[in-house]
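In what follows, a single structure is set out as structure tokens and then discussed.
Just so it is clear, none of the values below were taken in a lab; they were calculated from the coordinates. All values reported here derive from a predicted model rather than from experimental measurement. All Cβ positions, glycine included, derive from the backbone under ideal geometry; neighbour counts span all protein chains shown.
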Amino acid sequence: MLENPPRFPISARCCQYAKKDLAHDTIKNGGYQLDITGLRRAEGGVRSGRYKSCYNESDTGVDIYMPLWWYTNADKEEYANHYGIMPSRCYTEYGLKRTGCVGCPFGRDFEDELDVIANHEPRFSKAVNNIFGESYEYTKRYREFAYKQQKQNK
């Protein structure tokens, strides 16, 4: 970034302000004592790595309960089949393995996601490229630079 500084503002604060702070404030100010969420250990990743059990006491006074914590992928599939739950087209038609904030330039696989969006949601593709286009290009250039640096250091 020092050799090629960005010419636009960069921030991951949208996750903080649009999701995390909003959820925490709602729970904190709502008089709740229990936060029930659908996190599963089988999902892996950073979030599931934070917890060791389906119930976690919190020093904030709002404990966390995850009733799906022990569900495996097979359990999830059996449940969906039994109750006739149709998965999102994002998985069945678009081929995505996970979903998050669509078009987020901080996503690890944002380039693959952009291809999917362009093929299935062209108007949305145009919107995210208008908003985050510079960021996408900058991230691509940075990844190329990092790859070259890594090869040189070997």
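Restricting the calculation to Cα atoms, region 29-106 yields a radius of gyration followed by a Dmax of 15.3, 43 Å. Extension gain, MET86 to SER58, is 6.6 nm, computed as 0.36 nm per intervening residue step minus the present C-alpha separation.
Looking at the chain, the pairs of alpha carbons with a distance over 29 Å make up 39% of the total. In region 32-77, what chymotrypsin sites (Phe, Trp or Tyr not before Pro) fall in a loop by DSSP, with at most 13 other Cβ atoms inside 10 Å? Within region 32-77, the qualifying chymotrypsin sites (Phe, Trp or Tyr not before Pro) (loop, at most 13 other Cβ atoms within 10 Å) are TYR32, TRP70. Stretched out straight at 0.36 nm per residue, the stretch from LYS148 to GLU93 would grow longer than its current Cα-Cα span by 16.3 nm. For the chain, the longest principal axis of the Cα atoms and the long axis of helix 122-153 meet at an angle of about 70 degrees. Remark on the chain: CYS14, CYS15, CYS54, CYS90 stand apart, with no other cysteine beta carbon under 4.7 Å.
Applying D = kT/(6 pi eta Rh) to region 87-154, where Rh is the Kirkwood radius over alpha-carbon pairs, T corresponds to 4 °C and eta to 1.567 mPa s, the Stokes-Einstein value obtained is 99 µm²/s. Magnitude of the charge dipole for the chain, about its Cα centre and with charges confined to Cβ atoms of Lys, Arg (+1) and Asp, Glu (-1), is about 520 debye.
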